[in-house]
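I have placed the structure first, in the form of structure tokens, so that the comments after it can refer back to it.
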Amino acid sequence: HPQAQSNLPFTAYHAAVDAVYGKRSAGDLTGALTQLQVSARLMERSDPLSRLPVVLAYGALVLWDLGRYDECREWVDRGREASTKRGMVKFSSGWFDLLQARLDLRESQVEAARSLLADLRRHQADGMFIWRPHQLDLLEAEIELATAGTRADLLVVERAHESAVAFGYRHEILWTRLELADALAAAGLREEAARYARLAVEDCADTNRHLAARARRHLPGEPVQLAGEVAAE
């Protein structure tokens, strides 16, 4: 049935998202990625409801979590192209520009990331930015940590955290804490990284093994376990 065919790729997408971010998730990132890859292939042939950019966005996010940054950039590029073809400008800025900025930061292209942040702030002011506003505060904190290192203004970091808490969505608070812990550790501020990591573990220790393992990397005395290893247990 045509309707069943159109729903098939999105069924794979939902299964993948639930595997990573579900209420009680085992954190099977590799399995989730496989389902998203299948979903994207099906949608590239037929995408009557313009859902391909959504699938590519989640795929890019999973690849980021797995540390497969070259593939993540490929999915970001594919997602931006798919969004542009479908006239989904707001979606493109909300998902792919944010990931692009983080990929730029990881490759020490700080000015490129700063330029994207400025563009996103303008989109926000013009009502063209549909993603959660606290994500821009998080990106600003990540740029501050990448440029200033141990001399970074921690008020910028705390503002990003408070912005996520004010937003009120539990997973977004958890995600912000994890991203801040990673950025603080990379800047050499390990005690601060551990503080946010402890908050993250309290949030997800009993509900999401993948995210809990990611947070524990920043806690003294905890075994180091990378994202992809959770699924292999």
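Observations, loosely collected:
- Sites Q124 and T30, calculated FRET efficiency, Cβ-Cβ separation with R0 35 Å, nearest 0.05: 0.50
- Region 39-82: C-alpha gyration tensor shape, a/c 1.5 cut-off, then a/b vs b/c: prolate
- Amide H contacts under 5 Å for N208, placed H, 5+ residues apart: S25
- With all protein chains modelled, accessible area of K85 [1.4 Å, Å²]: 150
- Take the Cα of R86, step 7 Å toward its Cβ, do the same at R190, and the gap between the two points is 4.4 nm.
- Protection proxy ranking, peptides 199-205, 111-117, 138-144, 152-158, average beta carbon neighbours within 10 Å, highest first: 138-144, 199-205, 111-117, 152-158
The values are calculated or read from the model by the stated rules, or taken from the named source; none is laboratory data. Since this is a predicted model, take the numbers as computed values, not measurements. Note that we place each Cβ from the backbone using ideal geometry, even for glycine, and neighbour counts take in every protein chain shown. Each accessible area value is taken on the protein alone, full model and side chains, heavy atoms only, with ligands, DNA and RNA left out. Shrake-Rupley method; radii C 1.70, N 1.55, O 1.52, S 1.80 Å.
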